[in-house]
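The values are calculated or read from the model by the stated rules, or taken from the named source; none is laboratory data. Small disclaimer: the values here were computed from a predicted structure and weren't measured. No Cβ is skipped: glycine too gets one built from the backbone with ideal geometry, and neighbour counts run over all protein chains shown.
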Number of protein chains: 2
Amino acid sequence: MLQSKLIYKIKKEFSKDEDSLNARLLVQGSYIKKEASGIYTFLPLGLKVLSNIENIIREEMNKIDASEILMPALIPKENLVKTGRWDTFDVLFKLKSQTNNEYGLGATHEEIVTPLISDFISSYKNLPIFVYQIQTKFRDEKRAKSGILRGREFRMKDLYSFSKNEDDLNVYYENALSAYKKIYERLNLSDITYLTYASGGTFSKYSHEFQTLSEVGEDDIYICDKCNVAINEEIIEEQKVCPICGASDFRKEKAIEVGNIFKLKTKFSEPFSVKYLDEKNKENLVYMGCYGIGSSRVMGTIVEVSHDDSGIIWPEEIAPFKYHIIPVGNDEEVLEEANKLYKTYLEKGDEVLFDDRDESTGTKLKDADLISATYRIVVSKKTIEQGKFELKKRSDKEIQLLSL
Amino acid sequence: MLQSKLIYKIKKEFSKDEDSLNARLLVQGSYIKKEASGIYTFLPLGLKVLSNIENIIREEMNKIDASEILMPALIPKENLVKTGRWDTFDVLFKLKSQTNNEYGLGATHEEIVTPLISDFISSYKNLPIFVYQIQTKFRDEKRAKSGILRGREFRMKDLYSFSKNEDDLNVYYENALSAYKKIYERLNLSDITYLTYASGGTFSKYSHEFQTLSEVGEDDIYICDKCNVAINEEIIEEQKVCPICGASDFRKEKAIEVGNIFKLKTKFSEPFSVKYLDEKNKENLVYMGCYGIGSSRVMGTIVEVSHDDSGIIWPEEIAPFKYHIIPVGNDEEVLEEANKLYKTYLEKGDEVLFDDRDESTGTKLKDADLISATYRIVVSKKTIEQGKFELKKRSDKEIQLLSL
């Protein structure tokens with residue numbers, strides 16, 4: 001696209017209104033705009049990156065046989081009363097209609113998905129069932145903070161599995177775990193993201209979190225470098241050794257929780273009485289698992305861990321553009337060659353941005369770093385004299401000269 | 001996909017819980033599930049159709065140079081106070097956080113988009129700007145009714161335009177109008193959808209609605225068959241003649257409002273003081289337009305106007321599948337030939353459903369009509385003896401025999 005058409009504002013300085021690095025860089029690059037504490041608009045650049053992240057998640061969910069659905073944000077009070085969470089869920093937004101119906105605003109969807117899927121289960125032949133959604137969620141945080149890491153309104157993928165018994169749940173849980181690993185690989189977070197043992201509540205020994213190392217993380221984790229897993233501080237008193245090798249030689253680090261998976265077992269199928277008839281015509285409760293990943297939080301995390309002094313460095317699969325073409329000056333020949341390149345990439349079907357603005361080269365290059373297309377292409381009088389153009393990968397330092 | 005993997009329940013009867021045809025057919029076909037009055041989940045089939053509709057809308061918006069963004073559902077009270085709508089908007093859901101922040105739940109987004117875009121406007125060079133979003137919206141309806149035609153939570157595309165002056169607004173308004181016409185064409189609604197003159201409020205002579213003829217519609221419109229436009233009953237007392245030809249020879253019909261476009265002019269740029277400097281360095285208010293289309297309502301409308309005794313007939317572009325393959329009986333040769341066809345279509349990249357369930361042929365055919373793939377393919381012993389298979393278009397009566 002032409003950069004003059006992009007909703008973008010040159011901001012030479014960080015936003016003073018934001019205390020976190022991710023929000024400052026995202027606001028400066030016109031990715032997001034703050035509307036209120038913990039509430040943001042995703043501008044075209046930001047929505048592009050967010051959608052790229054969500055599409056990766058969607059692809060990996062589809063690969064593990066999960067079906068996409070869309071549940072409502074308005075959750076009837078009676079559903080939440082049934083599980084006791086109407087009164088105990090501390091970050092639940094509550095509202096009342098003018099007809100006196102009460103709702104909780106969806107922060108998680110067990111209270112909708114459990115009775116919903118119950119409808120489709122009668123015999124063991126209907127199981128397993130796996131459903132997920134990618135949706136806006138709400139949490140009435142006492143203190144929204146850290147930009148898009150902890151918002152009052154945010155984006156999330158939540159997957160729910162329904163299995164015949166604990167063994168089948170365990171099998172799918174491992175599949176989901178592999179899918180999550182694949183997602184962090186594609187997001188270039190693998191190297192600093194640890195499968196972390198965390199509290200399993202009253203009904204499971206552990207839950208598992210995925211924790212990405214970052215100084216701004218809210219969690220403290222204890223890493224076993226031998227096994228490449230970690231333990232969340234919340235259970236380190238009970239779980240004093242690595243659950244895999246038994247060693248107690250940990251490295252303590254700050255980390256951001258970028259995903260969590262949980263064996264719910266019968267916690268929700270019991271109150272909603274979700275049962276099936278087995279091969280012997282005996283009634284059994286369904287075993288559930290839930291698997292969350294906050295797509296907007298993942299986006300914020302990537303900004304925190306992947307940037308330099310000039311701005312964000314997006315992983316290739318989620319960058320808003322593959323190529324960013326910058327003609328230097330107003331020389332006609334330069335513009336012509338730059339335009340030729342633009343058309344070539346467009347025809348190839350690549351996402352390409354062309355800087356057609358009437359700005360200084362300095363400003364253009366600065367903005368290019370903030371927008372962080374994977375490849376920056378500079379065409380100048382000097383380069384075309386040699387029949388070349390400059391190609392620089394955002395994540396690299398060196399500039400290559402390639403033939404036009 | 002294999003039908004055994006589809007989240008689908010055979011329901012021989014209409015749901016008794018629903019009073020509207022669209023909800024009864026959509027619930028029966030496992031497209032949606034009712035969670036509460038005016039609140040639905042979109043199941044895999046329903047989300048597929050909804051996404052197909054939203055993708056058509058997205059494509060047509062992109063063609064008229066609009067950029068997609070995503071605004072929050074939580075709208076700070078102060079924004080709504082500024083325009084006076086906090087107290088006057090009768091279907092606004094309101095809520096309060098535990099930190100005593102108050103929000104309206106997004107029913108429309110002028111109060112967010114206007115100050116948002118204001119940030120990007122200083123000079124005439126920044127204009128025009130066109131942004132849209134496709135998003136879940138909320139309305140605290142006194143009486144939710146008519147299935148997904150009037151819900152408390154629903155899906156909507158809203159586009160907002162920001163122009164230098166009334167002339168430029170008028171030009172874009174015509175572009176948007178053409179885009180809307182194209183959308184209804186692709187949704188196969190053109191023949192019964194009328195551009196309808198409606199109240200323009202205090203600041204415009206008219207607004208325009210798109211009204212689709214249906215007995216269940218809430219609106220009465222007066223059609224001028226000569227000009228193919230209509231007048232909404234709400235203004236027929238003031239507007240007694242066709243605004244185009246001046247005739248007063250109308251056909252009165254019931255209709256569903258499937259879209260509306262509105263010249264807001266300076267109604268919102270004034271309270272938010274959205275101004276730009278023109279060529280002469282003079283400050284002017286920006287002229288705005290807004291353009292809405294409820295994607296879930298459009299889906300419900302299509303069900304109301306496009307069905308037969310056996311179920312919904314989806315227009316080709318939004319059908320959940322292109323092909324639905326049904327093998328008759330358990331004959332191995334039949335299954336083999338049916339599977340061959342399945343693989344051929346899959347490899348071609350078509351959306352194809354294969355009925356691998358252990359159900360009677362009667363049930364399979366009945367379900368096929370409810371699911372409403374564009375083409376139904378039946379492979380039986382009888383057809384393969386002739387080296388053929390049966391192909392039937394959902395919207396046609398006749399069955400063709402084609403060579404395998």
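Being in the same structural domain as A:Y160 (by TED's automatic domain parsing) and in contact with a Ser or Thr (Cβ under 9 Å, 6 or more places away or on another chain) holds for only one residue in A:E68, A:E78, and it is A:E68. Note on the stretch B:286-404: enclosed helices (runs of 4 or more DSSP H) holding 3 or more residues that are assigned by TED's automatic domain parsing to the domain that holds B:E218 and either in contact (Cβ under 8 Å) with a residue 24 or more places away in the chain or of a type in the set (D, E, K, R) (or both) are B:295-305.
Residues in the stretch A:276-285 that are in contact (Cβ under 8 Å) with a residue 12 or more places away in the chain and not in a loop (DSSP other than H, G, I, E, B): A:Y276, A:L277, A:N284, A:L285. Only one entry in A:L391, A:L404 is in contact with a Leu (Cβ under 8 Å, 6 or more places away or on another chain), surrounded by 12 or more Cβ atoms within 10 Å (Cβ to Cβ), modelled with pLDDT of 95 or more and over 14 Å from A:L6 (Cα atoms), namely A:L391. Selection of the stretch A:127-157 for residues being of a type in the set (S, T, N, Q) and modelled with pLDDT under 95 yields only A:S146. Pairing each residue of the stretch A:222-243 that is of a type outside the set (G, A, S) with any residue that is part of a helix (DSSP H, G or I), provided the two are 6+ apart or on different chains, yields C-beta distances under 8 Å for A:Y222/A:E233. Across the stretch A:129-140, the number of residues qualifying as more than 10 Å from chain B (Cβ to nearest Cβ) and either more than 26 Å from A:L26 (Cβ to Cβ) or among the aromatic types (F, W, Y) (or both) comes to 1. The set of residues in the stretch A:3-27 that are within 15 Å of A:A368 (Cα to Cα) and in contact (Cβ under 8 Å) with a residue 40 or more places away in the chain comprises A:Q3, A:S4, A:L6, A:Y8, A:I10, A:K12, A:L25, A:L26. Contact map, the stretch A:246-274: first residue outside the structural domain of A:R155 (by TED's automatic domain parsing) and surrounded by fewer than 22 Cβ atoms within 10 Å (Cβ to Cβ), second residue assigned to a strand (DSSP E or B) and not polar (S, T, N, Q), Cβ cut-off under 6 Å, separation 6 or more or different chains; the map is empty.
Taking B:I53, is it crowded, with 19+ Cβ neighbours inside 10 Å, out of contact with any Phe, Trp or Tyr (no Cβ under 7 Å at 6 or more places or on another chain) and touching a residue at least 40 places away in the same chain (Cβ under 8 Å)? So B:I53 passes the test. Checking each residue in the stretch B:129-140 for being part of a strand (DSSP E or B) and within 17 Å of the chain's Cα centre (by Cα) picks out B:Y132, B:Q133, B:I134, B:Q135, B:T136, B:K137, B:F138. Checking every residue in the stretch A:17-29 against the condition of being away from chain B (no Cβ under 13 Å), closer than 30 Å to B:L6 by Cβ and not hydroxyl-bearing (S, T, Y) gives zero matches. For the stretch A:141-164, a residue qualifies if it is in a loop (DSSP other than H, G, I, E, B) and within 14 Å of chain B (Cβ to nearest Cβ), and the qualifying residues are A:E141, A:K142, A:R143, A:A144, A:G151, A:R152.
Just need a number here: residues in the stretch A:49-61 that are within 12 Å of chain B (Cβ to nearest Cβ) and not aliphatic (A, V, I, L, M). Within the stretch A:49-61, residues that are within 12 Å of chain B (Cβ to nearest Cβ) and not aliphatic (A, V, I, L, M) number 3. Restricting to the stretch B:187-218, count the residues that are over 25 Å from B:L50 (Cβ atoms), part of a strand (DSSP E or B) and without any contact (Cβ under 8 Å) to a residue 60 or more places away in the chain. Of the residues in the stretch B:187-218, 4 are over 25 Å from B:L50 (Cβ atoms), part of a strand (DSSP E or B) and without any contact (Cβ under 8 Å) to a residue 60 or more places away in the chain.
Considering (1) modelled with pLDDT under 95; (2) in contact with a Ser or Thr (Cβ under 6 Å, 6 or more places away or on another chain), the lone condition that A:S204 does not fulfil carries the number (2). Restricting attention to the stretch B:3-39, the residues being surrounded by 15 or more Cβ atoms within 10 Å (Cβ to Cβ), small (G, A, S) and either under 30 Å from B:A338 (Cα atoms) or touching a Ser or Thr at 6+ places or on another chain (Cβ under 8 Å) (or both) number 4. On the given criteria, is A:I325 in contact with a Phe, Trp or Tyr (Cβ under 6 Å, 6 or more places away or on another chain) and either over 30 Å from A:Y222 (Cα atoms) or among the aromatic types (F, W, Y) (or both)? Spelling it out, A:I325 is indeed in contact with a Phe, Trp or Tyr (Cβ under 6 Å, 6 or more places away or on another chain) and either over 30 Å from A:Y222 (Cα atoms) or among the aromatic types (F, W, Y) (or both).
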